[in-house]
Amino acid sequence: MVRTKPNPPWDGIDRRQRTTPFLSKYSFWGGRRRVNSEQPRDSFVDVYSIKVWCALTFFLLLNLFDSHFTMLYLQRGGEEANPVAVALLNMGPGVFVLVKALGIGLAASLFCIFKNFRNGRIGVVIALLLYQLLLLYHLTLYLNLYPQSA
């Protein structure tokens, strides 16, 4: 005989009768809702797939690489072209990295929340492509300015 866990007590509210709001107490902890065939494709959910988490983690890692290579380039005499980044760098490298990480973290959170919306998915793809191009630019710059001595 298979023993199953008893269901938690039901409070009488069935949240499946209405769409999930933009943000709810279930958005980050304890959610159970997934898009099903009865819901419109452009709807919010509070459970995220491993595919979404991997894409957003990759996005955050690319941001860290960008910060690292920017700091490395500046330490070796380069100049920052972005005036906002220059203002942050004038406040200190820690402020620059922190504000950049918080800004990109907020963007990643919004991408996660809007993952079922067409524009949200397009935004993630564009952001990942741009960050990958930026990483290639940083690597090319690094290898051309500082070739390995033979």
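Among the residues of region 36-54, is there at least one that is out of contact with any Ser or Thr (no Cβ under 6 Å at 6 or more places or on another chain), in a helix (DSSP H, G or I), of a type in the set (A, V, I, L, M) and modelled with pLDDT of 60 or more? Among the residues of region 36-54, at least one is out of contact with any Ser or Thr (no Cβ under 6 Å at 6 or more places or on another chain), in a helix (DSSP H, G or I), of a type in the set (A, V, I, L, M) and modelled with pLDDT of 60 or more, which makes the answer yes. Test residue 27 against the stated conditions and say whether it is over 24 Å from residue 145 (Cβ atoms), buried (at least 16 other Cβ atoms within 10 Å of the Cβ) and modelled with pLDDT under 85. Answer is yes for this residue.
State whether one or more residues within region 101-119 are assigned to a helix (DSSP H, G or I), more than 11 Å from the chain's Cα centre (by Cα) and either β-branched (Val, Ile, Thr) or at positive phi (or both). No; the residues of region 101-119 include none that is assigned to a helix (DSSP H, G or I), more than 11 Å from the chain's Cα centre (by Cα) and either β-branched (Val, Ile, Thr) or at positive phi (or both).
Suppose the filter is β-branched (Val, Ile, Thr), assigned to a helix (DSSP H, G or I) and surrounded by 13 or more Cβ atoms within 10 Å (Cβ to Cβ); does residue 125 pass it? It would help to see each step written out before you state the result.
On the way: β-branched (Val, Ile, Thr): yes; assigned to a helix (DSSP H, G or I): yes; surrounded by 13 or more Cβ atoms within 10 Å (Cβ to Cβ): no.
Spelling it out, it is not the case that residue 125 is β-branched (Val, Ile, Thr), assigned to a helix (DSSP H, G or I) and surrounded by 13 or more Cβ atoms within 10 Å (Cβ to Cβ).
For region 79-100, a tally of residues being exposed (fewer than 13 other Cβ atoms within 10 Å of the Cβ), of a type in the set (Gly, Ala, Ser) and either assigned to a helix (DSSP H, G or I) or in contact (Cβ under 8 Å) with a residue 24 or more places away in the chain (or both) returns 1. When the residues of region 111-122 are filtered to those that are at pLDDT below 85 and hydrophobic (A, V, I, L, M, F, W, C), the one that is surrounded by the most Cβ atoms within 10 Å (Cβ to Cβ) is 111.
Filtering region 50-65 to residues that are loosely packed, with under 13 Cβ neighbours inside 10 Å and of a type in the set (Gly, Ala, Ser) leaves nothing.
The values are calculated or read from the model by the stated rules, or taken from the named source; none is laboratory data. Everything numeric here is computed off the predicted structure, so don't read it as measured data. Note that each Cβ is placed from the backbone with ideal geometry, even for glycine, and that neighbours are counted across all protein chains shown.
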